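Participant: Take this structure first; my questions come after.
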Amino acid sequence: MITDKNLTDFNKSNSEGKIPLSLPSPQEKFSDSCIENSQEQITLLAAAVHSAHDSIVITTTELDYPGPEIIFVNKAFTKMTGYCTHDIIGKTPRILQGPNTDRKVFKDLKEKLRNGQVFFGEAINYRQDGTEFYNQWHIEPIKNSAGEITHYLAIQRDVTDKINDQKRLVYDAFHDSLTGLHNRAWFLQTLQASLVKANQYQDYIFALLFLDLDGFKLINDTLGHSIGDIFLQEVAHRIKNAIRPQDKLARLGGDEFTIIIEDVKDLGIISQITNDIQTALQQPLILGSQEVFTSASLGITMSTMGYETGEEMLRDADLAMYRAKSLGKSRSAIFNKTMHKVAVTRLNLENDLRKALEKEQLELYYQPIIFVANQSIVGFESLLRWHHPEEGFISPARFIPLAEETGLIVEIGEWVLRQACTQCRLWQGLIPNHNLFMNINLSPRQLKQSNFVHDVEQILQKTKCDRHLIKLEITESAILETDNKADIMLNELKELGVKLCIDDFGTGYSSLSRLYKFPIDVLKIDACFIRAIGKEERKEKILEIIVTLAHNLDMEVVAEGVETEVQFLKVKQHQCEYIQGYLFGKPVSSQEIEKSIETKYLTTTNTHPAY
Ligand code: C2E
Ligand code: MG
Ligand code: MG
């Protein structure tokens, strides 16, 4: 039988370092009756309790203030709390409580114990040195033979590590490890909760901001991913400082951040915060030895638009952000319903474009390129056409950017290359003396494919076309986007035997001085310079200078978009070798070309220089 007396004796002898212990012989069996009857067995059990891994505390039964009295603690308890046995005996377990102890659990504890039930629970407790730990309890009332509760037995365990692990798991699940900000999962939950609140209380209005950095990809690609990471951390820090403490910020991933602007009483606060964010981001950022400038495009939507789900709201803020991007850098746009319609149309178009190739809705048209000196056709530019089953003809100006964005351009571009090379070979066979060349447009995305040069080589081999007749058209911005390996790739293309042509020259940011290091054969002056003839003297002057510079760099010049006799005479006077434009022919199908090929080519032999 456990009595206060023998437990106190035990504690005493233990604190003096003498633990009376005698083990039962192997023949002896433990049975309840044997334990009850044998003082020796009680001592044995007390020793086992004392050495148990879990903390064990036995108290008296006063539950109200000042609380029960501790009459026994084991070794594990002294280890866990730092209290010596003689310090704690006679004290109340309340000694373990402190400022962060959640006292709500004690109501339940008292109720359970009073009713003779077992209590499980945990709370923050304090060691003797004042440090906190999470203590998990299992407290059981102990009854005597008459069924009266005589003591409470508490088995306790320090679960701080477990709780911290759990906290870390929860933290990781809702935080972005790079910036320490909240992540997408957290944001979606929070956004949903805010929407529920906004739908419930009319005067609670919030705004959602979707922020995407301008030109982050370039920073990442040119300065490397670890610098990109530091950059994102700094950006996160700046955004956080630009918003108010009550606003909620998260990083969705990549360079995308979202913000809930809380409690919008007047719209001015939104423009103030967006301005503050832009100003904060526009301050130069020193990364290693580089000074980097950035800005962001911001899409905004309001809780008053009648959203049911956070996903819908996020989607619209994203759409508004795209609209802001298309307006130029460092801009904001507020979502409106038209944007939604535009997005749906775009999505449908994207789906149709995915099927266009296999449904054979794409076709190449060919526009003649004219040798100015004798006004004869010397080649063609292949131009893509899409015959949409419902919408009819869709201009490449509309679907090429879409194909670029979705990556479909890689597959389409490969088809264009194969088709145009096949056509070139066919015409070469038809009129062998004319060496009609074929200009083929490439997209920036194609140039970024690591196996691009290899693919071109394969197509040239398979179609057996004369590779000297192939001219690949690349826009100047595409070359500059292709990072610092552009010159290597362009040289590899040249080694295949094809020629390279800069398209739409004069519209990008580059200058001839930057482009001279690339192995370019032909320069196509953008149509805007031709349209300026007779209208804008300055632009016409630039046209003249471009031609002279190109010639100095051993490039030939094509004038694009020549529509009138006046324009033709002017570009001739400025010594452009070639022209392309409606004046001499619009882009037409291969059948159209073939109809006139006999009259146009079979009579004379072409005498244009090898271009
Ligand atoms: P681009 O390569 O600069 O092609 C010239 C564009 O100017 C063509 O428009 C052509 O039809 C048009 N054009 C030619 N002469 C005149 C003229 O005298 N007046 C006017 N107003 N326009 C003229 P198109 O065919 O609509 O193509 C637009 C752009 O789409 C092309 O510009 C090119 O950037 C892109 N594109 C077309 N086909 C392909 C392709 O197969 N691959 C890639 N990546 N892009 C393509
Ligand atoms: Mg072109
Ligand atoms: Mg062009």
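The values are calculated or read from the model by the stated rules, or taken from the named source; none is laboratory data. What you see is a predicted model, and the numbers here were worked out from it, not measured in a lab. Every residue, glycine among them, receives a Cβ derived from its backbone with ideal geometry; neighbour counts consider all protein chains shown. Just the protein is used for accessible areas: all its heavy atoms, side chains included, with ligands, DNA and RNA removed. Shrake-Rupley method; radii C 1.70, N 1.55, O 1.52, S 1.80 Å.
Participant: Nothing charged except the Cβ atoms of Lys and Arg (+1) and of Asp and Glu (-1): what's the magnitude of the dipole of the chain about its Cα centre? Round to the nearest 20 debye.
Facilitator: Magnitude of the dipole: close to 360 debye.
Participant: Sticking with this structure for a sec: For Leu267 and Glu537, what does the FRET efficiency come to when R0 = 51 Å and r is the distance between their Cβ atoms, rounded to the nearest 0.05?
Facilitator: 0.65
Participant: Could you tell me whether the range 158-234 comes out rounded, prolate or oblate from its Cα gyration tensor? Rule is a ≥ b ≥ c as square roots of the eigenvalues, rounded for a/c under 1.5, then prolate if a/b exceeds b/c, otherwise oblate.
Facilitator: It is oblate, given that a/c is not under 1.5 and a/b is not larger than b/c.
Participant: Ranking request for peptides 495-502, 433-440, 277-284, 385-392: highest mean number of other beta-carbon atoms within 10 Å first, then the rest in descending order.
Facilitator: 433-440, 495-502, 277-284, 385-392
Participant: Counting pairs of alpha carbon atoms under 8 Å apart in space and at least six apart in sequence, what relative contact order in percent does the chain give?
Facilitator: Across the chain, relative contact order equals 7 percent.
Participant: Taking 0.36 nm per residue of separation and subtracting the Cα-Cα distance, what length does fully extending Ile488 through Gln573 add?
Facilitator: Difference between extended and current length: 27.0 nm.
Participant: I'd like the antiparallel share, as a percent to the nearest 5, of DSSP beta bridges with both residues in the chain.
Facilitator: Antiparallel bridges make up about 70 percent of those DSSP assigns within the chain.
Participant: Okay, next question. When ligands, DNA and RNA are left out and all protein chains stay put, how many square angstrom of accessible area per residue does the chain have with a 1.4 Å probe?
Facilitator: 52 Å²
Participant: Using R₀ = 30 Å, calculate the FRET efficiency as 1/(1 + (r/R₀)^6) where r is the Cβ-Cβ separation of Leu402 and Ser589; round to 0.05.
Facilitator: Once the sixth-power term is evaluated, E becomes 0.85.
Participant: In deg cm²/dmol, rounded to 500, what helix-only [θ] at 222 nm does the chain give when every DSSP H run of at least 4 residues adds -39500 (n - 2.57) and the total is split over its residues?
Facilitator: That calculation yields -14000 deg cm²/dmol at 222 nm.
Participant: Taking R0 as 30 Å, what FRET efficiency do you get between Asp276 and Ala185 from their Cβ-Cβ distance, rounded to the nearest 0.05?
Facilitator: Taking R0 as 30 Å, the efficiency between Asp276 and Ala185 is 0.65.
Participant: Taking a 29 Å limit on the Cα-Cα distance, which of the listed pairs Lys499/Lys570; Lys79/Lys104; Lys167/Lys329; Lys75/Lys112 fall beyond it?
Facilitator: Going by Cα-Cα distance, Lys167/Lys329 fall outside the 29 Å limit.
Participant: With each pseudo-label sitting 7 Å past Cα toward Cβ, what's the Lys464-Lys359 distance in nm, one decimal?
Facilitator: Here the modelled spin labels are 3.5 nm apart.
Participant: Shifting gears a bit: Would you mind computing, in nm to one decimal, how far apart the modelled labels at Asn199 and Ile545 are, each placed 7 Å from Cα along Cα→Cβ?
Facilitator: 6.1 nm
Participant: Under 5 Å between amide H atoms, partner at least 5 residues away or on a different chain: which partners does Val588 have, H built in plane at 1.01 Å?
Facilitator: Excluding prolines and chain starts, which carry no amide H, the hits are Tyr366, Gln367.
Participant: Could you give the length gained by full extension between Asp229 and Lys107, i.e. 0.36 nm per residue of separation minus their alpha carbon distance, to one decimal place?
Facilitator: 39.0 nm
Participant: The range 308-416: percent of C-alpha pairs farther apart than 16 Å? Intermediate results must be reported in sequence, preceding the final value.
Facilitator: Values: 4030 of 5886 pairs.
For the range 308-416, the share of Cα pairs beyond 16 Å comes to 68 percent.
Participant: Also: Restricting to Cα pairs below 8 Å that are 6+ residues apart, what does the relative contact order work out to for the range 175-335? Please round to a whole percent. Walk me through the intermediate numbers first.
Facilitator: On the way: 271 pairs, mean separation 47.9, N = 161.
It rounds to 30 percent for the range 175-335.
Participant: Let me ask something else about it. Under a crude label model (7 Å from the Cα following the beta-carbon direction), how far is Thr507 from Asn100 in nanometres?
Facilitator: Distance between the two pseudo-spin positions: 6.2 nm.
Participant: Still on this model: Loop-only check: which trypsin sites (Lys or Arg not before Pro) in the range 99-132 are DSSP coil with at most 12 other Cβ within 10 angstrom?
Facilitator: Passing both the DSSP loop test and the Cβ count: Arg103.
Participant: Could you look at the chain and say what percent of its accessible area is carbon and sulfur, using a 1.4 Å probe and all protein chains?
Facilitator: Carbon plus sulfur share of accessible area: 52 percent.
Participant: Need one number: % antiparallel among DSSP beta bridges in the range 242-364, to the nearest 5.
Facilitator: 75 percent
Participant: If you don't mind, another one. Got a sec? Charge dipole of the chain, +1 on Cβ for Lys and Arg, -1 for Asp and Glu; which of Val170, Gln136, Thr258 is way out at the positive end?
Facilitator: It is Thr258.
Participant: Can you give the Kirkwood hydrodynamic radius of the range 347-596 from its Cα pairs, in Å with one decimal? Spell out each step's value before the answer.
Facilitator: Values: mean 1/r = 0.0534 Å⁻¹.
Kirkwood radius, the range 347-596: 18.7 Å.
Participant: If you don't mind, there's one more thing I want to ask. Can you tell me which of 228-235, 306-313 comes out highest on packing, and rank the rest after it, using the mean Cβ neighbours within 10 Å?
Facilitator: 228-235, 306-313
Participant: Here is a further query. Tell me, in nm to one decimal, what length is gained between His237 and Thr338 on full extension, where the rule is 0.36 nm per residue of separation less the Cα-Cα distance?
Facilitator: Gain on extension, His237 to Thr338, equals 32.9 nm.
Participant: Report the convex hull volume per residue for the range 175-335, counting only C-alpha atoms, in Å³.
Facilitator: Dividing the Cα hull volume of the range 175-335 by its residue count gives 98 Å³.
Participant: Using a/c under 1.5 as the rounded threshold, could you call the range 494-572 rounded, prolate or oblate? The axes a ≥ b ≥ c are square roots of the C-alpha gyration tensor eigenvalues, and prolate needs a/b larger than b/c, oblate otherwise.
Facilitator: Prolate, because a/c is 1.5 or more and a/b exceeds b/c.
Participant: Let me ask something else. Taking 2.2 N^0.38 Å as the expected size of a compact globular protein, what ratio does the Cα radius of gyration of the range 96-178 give against it, to two decimals?
Facilitator: The reported ratio for this selection is 1.41.
Participant: At q = 0.06, 0.09 Å⁻¹, work out log10 I(q)/I(0) for the chain with the Debye formula, treating every Cα as an identical point scatterer and leaving solvent out; two decimals please.
Facilitator: Here log10 of I(q) over I(0) equals -0.58, -0.88.
Participant: Same structure again: Determine ³J(HN,Hα), in whole Hz, for all residues of the range 138-150 in sequence, where each value follows from phi through the Karplus function 6.51 cos²θ - 1.76 cosθ + 1.60 and θ = phi - 60°; x replaces Gly and Pro.
Facilitator: 10, 10, 10, x, 10, 10, 8, 5, 8, x, 8, 6, 10
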